[in-house]
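The block underneath contains the structure these notes are about, expressed in structure tokens.
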Amino acid sequence: MRTIPDGFILPSFGGTAVKAAEPGTEPATSGGGYTGPRKLVLVCSKGNLDMAYPGLILANAAAGEGIEVHMFFTFWGLDMVNKKTMGNLQFTMVGNTAMHMHDLGGIKPGLEHWSMPQWMGRIPFMTKIATNMMNKQIADLGVPTVPEFLDLLEAAGVKMWACRMSFDMMKMIEADLHPAVQGVISATDFMELSENAQTMFI
Amino acid sequence: MPSNTIEGYTFTVNDEGFFTNREEWSEPLAEILAGMIGIDELTPAHWAALKFMREDQASSGVTPTLRRMQTQGNFDVKQLFVLFPGKPAKKMSYLAGLPKPVGCV
């Protein structure tokens, strides 16, 4: 390890590559006074396509920052890691008042901000159409599909867990789970897992 | 804009310390910087990733993310985490003399 000369500005890479602490500065602490390495736990509870991505993207970003990441899949979130459903998550307009279509702005300026009426979401096949549109938009951004994303997260070292109660309730078997899921764990196990972690419920 | 000097090399950096001008980078400088961020030796595998990053940034104008390294460069993400432990994308962009990646995925 090479020494860093005075006045040299080195980006913070964490771990062994941190800048020498300035005299008198305390180590960064979170609210609880915890000073260990940063850890993130994401509780993924939804099986809708649009609600699968926030957890996947945050997990990927955190893993790339050297943060220990765990994802806990519970209730409908299990669909994200169930091999029979993960490639076929759906997006529905129903119940979503923030449903706008950017392309409508080309017809009449301002229409791109128009909240589409709820009854439109109940037109037959509308969920399928909306899902296809969202999948296309996601792919256009170079963002992987859910199954590919799970492979990427596995390679990045993200740990994944399934919720025992939901798993039993949905009559799943271990063979249904994406291989990145390391185990089916209880709420008590989750408490141990999330000790000293920043936890997000999605 | 601040600048860093080490062993006769001088390069301008942003407030965080990342390169602002890719032309001020050189291979011997990358070797020196690697030693400063805990990578003792740049092997051919390290160089393959760094060179891809520079080439891709030259053509796209944007520093590639890990996902782009995987899809466009056929790099194994797991391997990149081994080669550049902790924050692979940031470490690679630093050693390649580029800004840090800004993409979400």
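We did not get these values from a lab; they are worked out from the coordinates using the rules stated. Here the structure is a predicted model, which means the values were calculated and not measured. No Cβ is skipped: glycine too gets one built from the backbone with ideal geometry, and neighbour counts run over all protein chains shown.
Just one residue in the set A:M170, A:M120 is under 30 Å from A:H102 (Cβ atoms) and over 17 Å from the mean Cα position of the chain (by Cα); that residue is A:M120. The requirement of being exposed (fewer than 12 other Cβ atoms within 10 Å of the Cβ) and within 14 Å of chain B (Cβ to nearest Cβ) is not satisfied by A:A156. With respect to (1) of a type in the set (A, V, I, L, M); (2) closer than 22 Å to A:I138 by Cα; (3) surrounded by 18 or more Cβ atoms within 10 Å (Cβ to Cβ), the lone exception for B:L83 is condition (2).
If I filter the stretch A:48-83 down to residues being away from chain B (no Cβ under 14 Å) and acidic (D, E), which single residue comes out as nearest to A:A139 (Cα to Cα)? The qualifying residue nearest to A:A139 (Cα to Cα) is A:D50. Looking at the stretch B:62-72, is at least one residue of a type in the set (A, V, I, L, M), surrounded by 14 or more Cβ atoms within 10 Å (Cβ to Cβ), touching a Leu at 6+ places or on another chain (Cβ under 7 Å) and away from every other protein chain (no Cβ under 13 Å)? So far as the stretch B:62-72 goes, no, none of its residues is of a type in the set (A, V, I, L, M), surrounded by 14 or more Cβ atoms within 10 Å (Cβ to Cβ), touching a Leu at 6+ places or on another chain (Cβ under 7 Å) and away from every other protein chain (no Cβ under 13 Å). Where helices (runs of 4 or more DSSP H) sit wholly within the stretch B:7-80, those with at least 2 residues that are closer than 20 Å to B:V102 by Cα occupy B:44-60, B:66-73. Residues that are out of contact with any Lys or Arg (no Cβ under 8 Å at 6 or more places or on another chain) and not in a loop (DSSP other than H, G, I, E, B) are absent from the stretch A:90-97 altogether. Taken over the stretch A:130-153, residues that are within 17 Å of the chain's Cα centre (by Cα) and either loosely packed, with under 14 Cβ neighbours inside 10 Å or hydrophobic (A, V, I, L, M, F, W, C) (or both) amount to 10.
Count of the stretch B:89-105 residues, restricted to those that are touching a residue at least 12 places away in the same chain (Cβ under 8 Å), in a helix (DSSP H, G or I), of a type outside the set (A, V, I, L, M) and at the interface with chain A (Cβ under 8 Å from one of its Cβ atoms), is 2.
Looking at the stretch A:79-89, is at least one residue crowded, with 16+ Cβ neighbours inside 10 Å and touching a Pro at 6+ places or on another chain (Cβ under 8 Å)? Scanning the stretch A:79-89, I find at least one residue that is crowded, with 16+ Cβ neighbours inside 10 Å and touching a Pro at 6+ places or on another chain (Cβ under 8 Å), so the answer is yes.
Does the stretch B:8-16 contain any residue that is closer than 24 Å to B:F81 by Cα and of a type in the set (A, V, I, L, M, F, W, C)? No.
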